[in-house]
Structures are given as structure tokens and as C-alpha cells.
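Heads up, the thing below is written out as C-alpha cells.
The values are calculated or read from the model by the stated rules, or taken from the named source; none is laboratory data. All values derive from a computational prediction rather than experimental measurement. Cβ coordinates were reconstructed from backbone atoms using ideal geometry, including for glycine residues, and neighbour counts include every protein chain displayed. Areas reflect the complete protein model, heavy atoms only, side chains present, ligands, DNA and RNA absent. Shrake-Rupley method; radii C 1.70, N 1.55, O 1.52, S 1.80 Å.
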Amino acid sequence: MKISDMMSTPVHSVSSGKSVKYVSNLMNELNIGSMIVVDDGIIVGITTSRNVRSSHPNRIIADAMTAEPFSISSDAFAWEALNVMEQHEIKRLLVEDDNNIVGIVTRETLKINLKELIDPMTGLYRAPYIQTIGEDLLEKRISFYLFFIDLNNFGEINKMYGHPVGDDIIQGFADRLRSLTAEEDFLCRYAGDEFVIITLREDSVHTLLQSLAQDVTINDIQVSAAVGWIDENKETDFFSIKFRDMLSKVSLMSSSNKRIKVS
């Protein structure tokens, strides 16, 4: 899901000296919700229908705009744009292509498009997200570590405590993984009680691995996970391997590392 597939075009502009009333009428005429503000060929801000509605019609648009708006590449992924918006608490991003503004994307549009990628139980992204990230990194020949995390004896937890408690364990473990990850990590709920992390870390990757395999207590129940992992140093022709095959390999590794319950 690239920004280029969901941005609004064309982008309309107005100078900062135009009146709010003028811009309001122009927005209504063009049926648009935002315009970039340009003076002498330089983008100085962005104004929206909300800015216009909340300002006196006789004011100039320089008084009803957000200065120095943020922008993102048209080749960026939708979740990258959403992260920028949430980090800076903004609702719109300008979209650039070769240093030219080619569109505008809204947070509402991104959330609608990303909804199908979100796991409703944990709030994490689903498997297609991590698949896209992995394939993109391989194509760009960017090194990474791949972790496959599989809960030990999760079936036994469901049998002993019931599926609602099992759901609580999944949610709690997802929260733990979220707390362990940082900006250079990509996390998803792959399926069931399985999770996948791609990380670009270098110095702290072994600390992350140890944390992933460490026992935790969730709702008074002890929970552990088996972890399979690979990286460029362990694989010959790392960038020639299909990401799907990498996932298969690390999932099998996690299975072989599973802690079997002894009755």
C-alpha cells in the first residue's frame, strides 16, 4: 500500500494574501477540503476547510493556515505516513515526487485503507504487512534480522482456562512485544499465537532476542515463547532468498525450539 495509490490529486494552491472568504468560495467551487499556500513559488503552509470555517471571512489566509506543513514521498508506505501523522498530531500530509508536490493524503484515508491490515484483537498489523516490509527490504538490499515468535503450550492454556482467557493472553503478549520494539522494528501478529518481528537493529539485537524468549506472567499465568531467527550473517545469498521462504525457515526453527509441556 503505497501513498501514490491513495493520495488526492490534483493539488490546488492559493497565495497567503487571499481572503478567507475567497478561499472558502474557491474550495466550495472545486469541492476540495484543503489547499496549499504558496508565495513566490515557495510552499508556506496548508489550509483546510476547517481552518476556513473557524476564521473570520475578512481575514487573510495567512491567519488561517498551518505553516511549514509536513510532506512524504509518494513511494512511501501508508503506515509510514500514518506514523508521521500520529507523531506530529496532524491530519494531512503533502505528497512529494522528485521534489514536486503531487498530492495530499489525509489520516482518515490512510486509516480506512489500512483497516483491513489491522488485527482487531491486538491492534497489530497482520501478516501481509510484514510480507510487504520484508520483500521491500530484500529488494533494496537492506540487511535485517527476522524473528518468528510462537507461544509455548498455548493450546493447553485454552483447554485449561478457556478461550476468552486465551484471548487475554494473546492481547497481553502482543502488548509486551509492542513494549519491546522500537522505531527500527516492524511487528505483526502473523497468525493465532504466532508473531513476527523484522528489526534493523545492530547493537541491541541480541538483547531483543533474549527478551523475546524470556518467561513472562500475564494475568497470573506464566507464558513463554519459542523463537526462530535468521540474519544476513547466517545465510548464504541472503538477498536471493524469497521472504516467504525465510518465514518458512524461521517458523520451523521456532517449532524445533518449542518447550514441550511435561505432564
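So, for the chain, what is the accessible surface per residue at a probe of 1.4 Å, expressed in square angstrom?
Counting only protein heavy atoms, the per-residue value for the chain is 55 Å².
Could you name the lysines whose alpha carbon sits less than 28 Å from that of residue 258, not counting residues in the same chain fewer than 8 places away?
Cα-Cα hits under 28 Å: 159, 234, 242, 249.
As an exercise, use a Förster radius of 22 Å and the Cβ-Cβ distance of residue 56 and residue 86 to find the FRET efficiency, rounded to the nearest 0.05.
0.10
For mean projected area of the Cα convex hull in nm², several values are listed as (i) 17.5; (ii) 12.9; (iii) 20.0; flag the one computed from this structure.
Of the labelled values, this structure produces (i).
Pick out which of 22, 125, 145 has the largest mean-square fluctuation in a Gaussian network model of the chain, springs linking Cα atoms closer than 10 Å.
It is 22.
About the Cα centre of the stretch 1-128, what is the dipole size in debye to 20, counting +1 per Lys and Arg Cβ and -1 per Asp and Glu Cβ, all else neutral?
600 debye
Provide 12, 88, 163, 206 ordered by accessible surface of protein heavy atoms (probe 1.4 Å), highest first.
163, 206, 88, 12
Between residue 38 and residue 191, what FRET efficiency follows from the Cβ-Cβ distance if R0 is 45 Å, with the result rounded to 0.05?
Result of the calculation: an efficiency of 0.40.
Rounded, prolate or oblate: pick one for the stretch 90-238, where a ≥ b ≥ c are the square roots of the eigenvalues of its C-alpha gyration tensor, a/c under 1.5 means rounded, and failing that, prolate if a/b is larger than b/c, else oblate.
Here the stretch 90-238 falls in the oblate category.
How large are Rg and Dmax for the stretch 73-120 when only the alpha carbon atoms are used, in Å?
11.1, 37
In nanometres, what is the gap between the two model label sites at residue 142 and residue 232, each 7 Å from Cα along Cα-to-Cβ?
1.2 nm
If I model a spin label at residue 178 and residue 244 as a point 7 Å from the Cα along the Cα→Cβ vector, what separation in nanometres do I get?
3.1 nm
To test your reading of the geometry: what angle, between 0 and 90 degrees and rounded to tens, separates the Cα axis of helix 243-256 from the longest principal axis of the chain?
On a 0 to 90 degree scale, this one is about 40.
Gaussian network model of the chain, Cα springs within a sub-10 Å range: biggest mean-square fluctuation belongs to which of 92, 244, 126?
Looking only at 92, 244, 126, the biggest GNM fluctuation is shown by 244.
Between 0 and 90 degrees, rounded to the nearest ten: what's the tilt of helix 163-180 against the longest Cα principal axis of the chain?
The two axes meet at around 70 degrees.
Going toward the positive end of the dipole of the chain, with +1 on Lys and Arg Cβ and -1 on Asp and Glu Cβ, which of 100, 30, 61 do you reach last?
With unit charges placed on the Cβ atoms, the residue in question is 30.
Any chance you could check the Cα centroid distance between the stretch 45-106 and the stretch 117-187 for me, in angstrom?
One Cα centre to the other: 32 Å.
Under a point-charge model restricted to the Cβ atoms of Lys and Arg (+1) and Asp and Glu (-1), what is the dipole moment magnitude of the chain relative to its Cα centre, in debye to the nearest 20?
Its charge dipole is roughly 740 debye.
Report, to the nearest whole %, how much of the accessible area of the stretch 28-121 belongs to carbon and sulfur atoms, 1.4 Å probe, protein only.
Accessible surface attributable to carbon and sulfur in the stretch 28-121 totals 43 percent.
Considering only 57, 128, 69, give the residue with the highest GNM mean-square fluctuation for the chain, with springs between Cα atoms whenever their separation is below 10 Å.
Fluctuation is largest for 57.
In the stretch 183-263, what percent of the accessible surface is made up of carbon and sulfur (1.4 Å probe, ligands and nucleic acids excluded)?
44 percent
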